[in-house]
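Asker: One structure follows; several queries about it will come next.
Coordinate-derived values only; no laboratory data. These numbers were taken from a predicted model, which means no experiment stands behind them. Backbone-built Cβ (ideal geometry, glycine too); neighbour counts: all protein chains shown.
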Amino acid sequence: MLFWHSDVTLSGCMDAIDMGSAPIIQSGLLVFLSMYAFAPAMQVRGVFLNRTETYYMPGENSNISITQQTADRLAIADTLYLHSRGLDRLDAVALRDAYWPESEVDYGSYKGNAHVFAELVIGALSQQYELTRHSLSNTLIELSGSSALCESCVHAGHLLPGAKEELLFYGRYLDKMEKRSNQWKILHRQVVVDWIKRHPVVDERNSEAFDALAKGTRRDSDPLYSFLRSGET
């Protein structure tokens, strides 16, 4: 949550809104200002209503601007999503790009160098499953300069060969991230399992309703790669 303390007067804030036509907004704004005007927290600088304000981000390192923190968070998220793409498309290049050369992972049955893992996991996934889909959510990031600690929930579907059964994995990724030369990559990943379930599947991909849709596959045959190439100049 973002708090601020401002030298702008209450009447100045009121002028920014047509308060006569919005009594509910007026009441809410008064409550909001009274609640947060004196919130104890660390300060960073920002702009609100084209005026300089002092913003508060509790629990954050306030030595950098909100703009830089936002850029770092987005870059970290892109790296995490790139890793999921690498797994699902069996794209070893994407997987390696998510890790620094000396990075390590703890995937339970494999603990060691992440670049070696990238090659091993591609072979394992291609042999054991027809398709996979790794989705991330509830990602929380604790920034500290050029380092970050991230917790992400992962919901991973694994379609078994023949598409008659699916294995669902519910767990979390605990990632230590590091920024070098303005680029964020994973330095260490630990996988935590919360629960796993298996259930039968009725495959509808080639049914009349969905037959005309493009089908997800792996490697270069997936529609993603021709789509990406179409944007190259």
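Asker: Starting from 0.36 nm per residue, how many nanometres of slack lie between residue 207 and residue 168 once their C-alpha separation is accounted for?
Answerer: Gain on extension, residue 207 to residue 168, equals 11.7 nm.
Asker: Between residue 153 and residue 107, what is the FRET efficiency for a Förster distance of 22 Å, r being their Cβ-Cβ separation, to the nearest 0.05?
Answerer: Calculated value: 0.85.
Asker: With respect to the cross-link table entries 111/185; 164/197; 176/197; 111/215, which display a Cα-Cα separation exceeding 24 Å?
Answerer: Where the Cα-Cα span goes over 24 Å, the pairs concerned are 176/197; 111/215.
Asker: Under a 5 Å amide H to amide H cut-off, with H placed in plane at 1.01 Å, what residues pair with residue 201 once short-range neighbours are removed?
Answerer: The list, which skips near neighbours in sequence, is 165, 166.
Asker: Also, I was wondering about something else. Could you list, bin by bin from short to long, the percent of Cα-Cα pairs of segment 111-193 in 5 Å steps?
Answerer: 3, 13, 18, 21, 21, 13, 7, 4, 2, 0
Asker: Spin-label point model (7 Å from Cα, Cβ direction): what's the residue 66 to residue 197 distance in nm?
Answerer: 4.1 nm
Asker: Right, another one. Each label point is 7 Å from the Cα along the Cα-to-Cβ direction; what then is the distance between the points at residue 77 and residue 119, in nm?
Answerer: 3.4 nm
Asker: Tell me the trypsin sites (Lys or Arg not before Pro) within segment 95-165 that lie in a loop according to DSSP and have at most 16 other beta-carbon atoms within 10 Å.
Answerer: Here the trypsin sites (Lys or Arg not before Pro) that fit, given the DSSP loop and packing criteria, are 164.
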